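Some notes on the structure that comes next.
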Amino acid sequence: MNLRHSEAAKGPTPKDTPDADIVPQIIEVDGAKQVYELIVWLIRNCGYRAIAAANVAFARSLLARRCPVVVTSDLEIPYCEGWGLLAFCHPKHPHVPVIVVSRTVMETRLQFQRSPSAFLRKSFGAAQFQNEFRRLICQATARL
């Protein structure tokens, strides 16, 4: 299964498309617009399609309707903390890797089976994010 977005297949962006079923495979969740725009740009720069959710309600609606290949999320997001989003995501999509990108110090929550696959502190470098993202994409697509 090839998940890359090729230039030859260029079409309308997801926000321009009325059909909700073609929402991209990578979901990015962050309450800070500058951060989610940067992360979406980094994901697209890797050749993949992404959609940003600025709040947990939208992220949950996306996760309820489809199985993403990777989820990236902050721990501090409007109306819910990132651990709550992981708790919602894990039972529905237990094999989907999650990258947590946050200013918050990563708590040790060993009781959670739904721990993130990667953690990056905000102020991460573009290369650092893209390396982690590519590593998780390789793991996720190997299971397909």
- Message: What does the charge count around residue 50 come to, taking other residues whose C-beta lies under 9 Å from its C-beta (Lys +1, Arg +1, Asp -1, Glu -1)?
- Response: +1
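On a full-extension model of 0.36 nm per residue, what is the gain between residue 54 and residue 117, subtracting their alpha-carbon distance, rounded to one decimal in nm? Write out the running numbers ahead of the final one.
Details: separation 63, 0.36 × 63 = 22.68 nm, distance 2.11 nm.
Extra length available between residue 54 and residue 117 comes to 20.6 nm.
Rule-based calculations on the coordinates, nothing more; no lab input. Everything numeric in this text was worked out from a predicted model, so none of it was measured. Glycine also receives a Cβ, built like all others from the backbone with ideal geometry; neighbour counts cover every protein chain displayed.
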